[in-house]
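Just so it is clear, none of the values below were taken in a lab; they were calculated from the coordinates. Predicted model only: the values in this text are computed from it and were never measured. Methodologically, a virtual Cβ is constructed for each residue, glycine included, from the backbone with ideal geometry; neighbour enumeration extends over all protein chains shown.
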Amino acid sequence: MKQQAEIDYENLARLNAPFLEEFRRSFDAVLDSGWFILGRQVEAFEKEFASWCTCEYGIGLASGLDALMLSLKVCNLPAGSEVIVPSNTYIATILAILQAGLQPVLVEPDIASYNIDPQKIEEKISGRTGAILVVHLYGKCCDMDPVLDIAARHNLYVIEDCAQSHGARYKNRVAGSFGDLAAWSFYPTKNLGALGDAGAITTNSSGYAERLKVLRNYGSKVKYHNEEVGFNSRLDEVQAAFLRVKLKHIAAITDHKRSLASVYLQHLNDEVVKPSVGPDYFDVYHIFNIRTARRDELKQYLLANGIKTEIHYPVPPHQQKAMQGILKETSFPVSEEIHATTLSLPISYFHTSEDVLQVCEAINQFYK
């Protein structure tokens, strides 16, 4: 294959270049204000983001992991309660369950959507189950109707891990609007990314919102008076200001990534398994993944031709060293199949359709 321009998987400098002037003005405004923790920028972003998510309340936090953990904390489940979670999620989802003093119970995903398979949930429910933690992986919403039906019949909380699904929709409802609480990450590579660690929770419960504001701030509502054992997990004023800038552009970011995905879907040949699409789903493609039994070989071939890719994720949670002796089950063949065959292709805001066509050409050439 003819050597062409190199294509990064991600490049945060290029990704954020269109927003630099707005970032600088926002940073200067924070600097001039002299207020750097839980100020006007955080309050404004919380309101703007909650409204965008069609939720009543937003609570800015230090990271997506904290958002997951604190979502579980406010449910007040008995210690050791079980939480249903997909077996192929990023490890942070499972770490949050453990840090909340609860027990993860892994359920296999649907091999087509990579999201939790609703048909496999009920067999894992026991008398100790307290919640279902769904993960809208790669930018596609879960099949929420059956999940919500199961939760209602078994009186379970539903928490959404929306770390990869900013703006994704299921049957015209936006991710984060289905469960009791939704946890968000604004890690810099996300579709709505900060310039550092940042997270949030959205909810329609005023009770949850008020308690989360206390928990994130040392368990304190009034300075130096602590109502409960809390945490230090506050969205930074500077990051909130940056996120307010990015939120203004999220529609353009989403449209661009969807347009790149359409190029992939049209031009990649059928030697690879492409992401599923369907009328009930509006996918935002935080990650565009394909699957192939020749994943490692293809990855090296693309790299040799100047195309960088990633694997989300190379090791399934149940095979991580940190999980040994913690999880009750250790065999998840569907998850293992996904982790062994998945490959993430370049699909950043700075990529062009020409970049994507070059990736498609290289992949198609590999299979000739």
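Around residue 193, with a cut-off of 11 angstrom between Cβ atoms, what is the net charge of the other residues, counting Lys and Arg +1 and Asp and Glu -1?
Numbers: positive: 190, 246; negative: 10, 197.
Net charge around residue 193: 0.
Exposure proxy check: 368, 213, 308 ranked by fewest other beta carbons within 10 Å?
Values: 368 7, 213 18, 308 15.
Ordered from fewest to most neighbouring Cβ atoms within 10 Å, 368, 213, 308 come out as 368, 308, 213.
Distance between the modelled labels on residue 232 and residue 294, one decimal in nanometres: 5.3 nm (7 Å Cα→Cβ projection).
Assign one of three labels to the stretch 66-140, namely rounded, prolate or oblate, based on the Cα gyration tensor with a ≥ b ≥ c the square roots of its eigenvalues; rounded applies when a/c is under 1.5, prolate when it is not and a/b is larger than b/c, and oblate otherwise.
In terms of gyration-tensor shape, oblate.
Could you work out the local net charge near residue 70, counting Lys and Arg as +1, Asp and Glu as -1, over the other residues with Cβ closer than 10 Å to its Cβ? Kindly include the intermediate steps, with their values, before the conclusion.
Details: positive: 73, 211, 216; negative: 66.
Residues close to residue 70 contribute a combined charge of +2.
When 260, 357 are arranged by Cβ crowding within 10 Å, least crowded first, meaning fewest neighbours, the order is 357, 260.
Multiplying the residue separation of residue 205 and residue 28 by 0.36 nm and removing their Cα-Cα distance gives an extension gain of 60.3 nm. The alpha-carbon of residue 321 sits under 20 angstrom from the alpha-carbons of these aspartates and glutamates, leaving out residues fewer than 8 places away in its chain: 108, 329, 336, 337.
Within a straight-line Cα-Cα reach of under 26 Å, residue 171 can be paired with the following lysines, leaving aside sequence neighbours fewer than 8 residues apart in one chain: 47, 120, 140, 190, 246, 248, 257, 274.
So, R0 is 25 Å and r is the distance between the beta-carbons of residue 320 and residue 189; what FRET efficiency does that work out to, to 0.05?
Working from the Cβ atoms, E equals 0.75.
How would you classify the stretch 139-252 from its alpha-carbon gyration tensor, with a ≥ b ≥ c the square roots of the eigenvalues: rounded for a/c under 1.5, else prolate if a/b is greater than b/c, otherwise oblate?
Details: a/c = 2.69, a/b = 1.15, b/c = 2.34.
In terms of gyration-tensor shape, oblate.
Each part gets one Cα centre, and for the stretch 53-90 versus the stretch 134-193 those centres are 11 Å apart.
Of all GluC sites (Glu not before Pro) in the stretch 143-229, which ones are in loop regions per DSSP and have a Cβ with at most 14 other Cβ atoms within 10 Å? Before the final figure, lay out the partial values.
Working: sites: 160, 210, 227, 228; in loops: 227, 228.
Sites meeting the loop and neighbour criteria: 227, 228.
With r as the distance between the Cβ atoms of residue 303 and residue 273 and R0 = 25 Å, compute the FRET efficiency 1/(1 + (r/R0)^6) and round to 0.05. The partial results should precede the final answer.
Working: r = 21 Å, r/R0 = 0.83.
For residue 273 and residue 303, the calculated efficiency is 0.75.
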